[in-house]
């Protein structure tokens, strides 16, 4: 009469995590901790569903755990927040206990690298696809939040790092392009897809240096530019010729396809941020080589409903490459 | 190229919620708010899966929304925490947009009653069952947390309110007992199942009056008693004859069946708490009629592995009614 199976699974999962630094962790009704003095709590949640966001024949459970955490950590990065305590919910088939243990190992890998911790969760049965939800709590100073509504007319728009790699990797898998998948260029593309690196350091730098507007490009540059324009009530121009495309994507898929994937494919987890022109050099220096920014557009004026214009060769284009739309 | 479908759904869902009281709500990469001075953050997450935790032919989407929030709020109640900000993830089929809007209305109903708010979320496609995950953040004073590991030898164990109602309602549905379902006694049983009332006020009272150990009986008295015994490293006796059974359950299903359902059925969302005998009368007065406590057992001694003995007619019983076990 002990619910032994549940206890054993909780023990097995807890053993894969670092112990909580303070307060209560896994094992009580809820986790509890004392927030930093003067900080605001920053909270985000993301759900990954088998067959929609991942396929278990393409992604190892360990990579999936990494990615589930990375997606939420990227939201914290886009707010300029420090990580982070995570609550992990998993719905799985009865036979998937080993799978969820490996998934926790992958989360633990990234948690250690980023100074985050898993402090609680819920593991339930599912009759259907594997579902992983991560709610991630971070902290930030209230006057240093990177918001979506902070872009102002005259601002430049810049991207950290390169874009298109993860979507290019997915494209190779979707087309089962074995010839390309065997090329060395495929390795970083698949790594970008399976083990994305949330831009926590870059977000922290942008926030500390006083920038006020960023968004992560998890759903592609196009869709995220629209979010930013809408929240900031501004008109934006994006010069698609200036997108910092991942070199390996261009090598395997060509420039045009890579550009479309960067615009609409997403999963790059880079930051798209607004910066006034005089501050660009300073910000660029502070971000360093790993997250070196590329200016890809600018805010052309106010626009209550938000508007994004995409330019190619200096002229507005009709874009058929739609941003990822959930419905 | 706007991702208009996603925007429209976010707007439709946001319209069903109260605006955030401060800070950022739905619409940015993450929600942010300033925690109360001197408080700890209390965080919990719960996932409900169609076909495992609910059936849409038995539960309306609005009730499901209420319940998804109630489950997590009950965890906060069991910690003595104040509600609360919620992050809601929903995985749904493409045709279920209206359903998720009604689900948000049900969450909003309970949020208003309890002083909670939905501050963020993720709505994604699913090829399979509807999945709802709520991560709920509350606050508590660090010296007033109700923990699972706070029971001490000599303590009495008491339950708020009555138990067995929700499991009795579910039993009627599972057996398709139409004759009983048409009786007036079925109404409160189904209400207990579909619109459970998290014991936030009772948890706050227990915490404020200095108690240190409680758990919510979401998975049945038996399973939760084991959790408590294990965390507190004590031996517990539960007198099953003293369980405060819901009168309507007894009327429709008899005492023996109702008792088994209360032990192993769960979903009552009452609090099982430890209290020293001299303080019982004071606590009972403070809880008031709505959550009047019933002593159902006691802590008999220390026991490193935890142990629960169930007594009937004063003698230990072999119990086959297992606490709900997820695996």
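The values are calculated or read from the model by the stated rules, or taken from the named source; none is laboratory data. These numbers were taken from a predicted model, which means no experiment stands behind them. Don't worry about glycine lacking a Cβ; one is built from the backbone with ideal geometry, like all the others, and counts go over all protein chains shown.
The table below lists the values:
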{"quantity": "Residue within the range B:43-62 that is out of contact with any helix residue (DSSP H, G or I) (no Cβ under 6 Å at 6 or more places or on another chain), more than 23 Å from residue A:35 (Cβ to Cβ) and part of a helix (DSSP H, G or I) present", "calculated": "no"}
{"quantity": "Residue count for the range B:183-203, restricted to those that are over 22 Å from residue B:171 (Cβ atoms) and more than 14 Å from chain A (Cβ to nearest Cβ)", "calculated": "1"}
{"quantity": "Residue satisfying condition, being under 20 Å from residue A:196 (Cβ atoms) and within 7 Å of chain B (Cβ to nearest Cβ), within set A:91, A:78, A:166", "calculated": "A:78"}
{"quantity": "Residues within the range A:263-288 that are within 23 Å of residue A:171 (Cβ to Cβ) and either surrounded by fewer than 16 Cβ atoms within 10 Å (Cβ to Cβ) or more than 17 Å from the chain's Cα centre (by Cα) (or both), tallied", "calculated": "0"}
{"quantity": "Within the range B:290-307, considering residues that are at pLDDT 95 or above and either under 22 Å from residue B:162 (Cβ atoms) or not assigned by TED's automatic domain parsing to the domain that holds residue B:218 (or both), the one farthest from the chain's Cα centre (by Cα)", "calculated": "B:298"}
{"quantity": "From the options A:246, A:312, A:291, residue that is surrounded by fewer than 17 Cβ atoms within 10 Å (Cβ to Cβ), in contact with a helix residue (DSSP H, G or I) (Cβ under 6 Å, 6 or more places away or on another chain) and under 30 Å from residue A:185 (Cα atoms)", "calculated": "A:312"}
{"quantity": "Given (1) at negative phi; (2) touching a residue at least 40 places away in the same chain (Cβ under 8 Å); (3) more than 14 Å from chain A (Cβ to nearest Cβ), number of the condition residue B:179 does not satisfy", "calculated": "(2)"}
{"quantity": "Residues of the range A:222-239 classified as assigned to a helix (DSSP H, G or I) and crowded, with 22+ Cβ neighbours inside 10 Å, total", "calculated": "10"}
{"quantity": "Listing of strands (runs of 3 or more DSSP E) fully contained in the range B:63-175 that carry 1 or more residues being closer than 20 Å to residue A:122 by Cα and at pLDDT 95 or above", "calculated": "B:82-92, B:131-140"}
{"quantity": "Test: residue in the range B:134-149 that is within 14 Å of another protein chain (Cβ to nearest Cβ), without any contact (Cβ under 8 Å) to a residue 24 or more places away in the chain and surrounded by fewer than 22 Cβ atoms within 10 Å (Cβ to Cβ)", "calculated": "yes"}
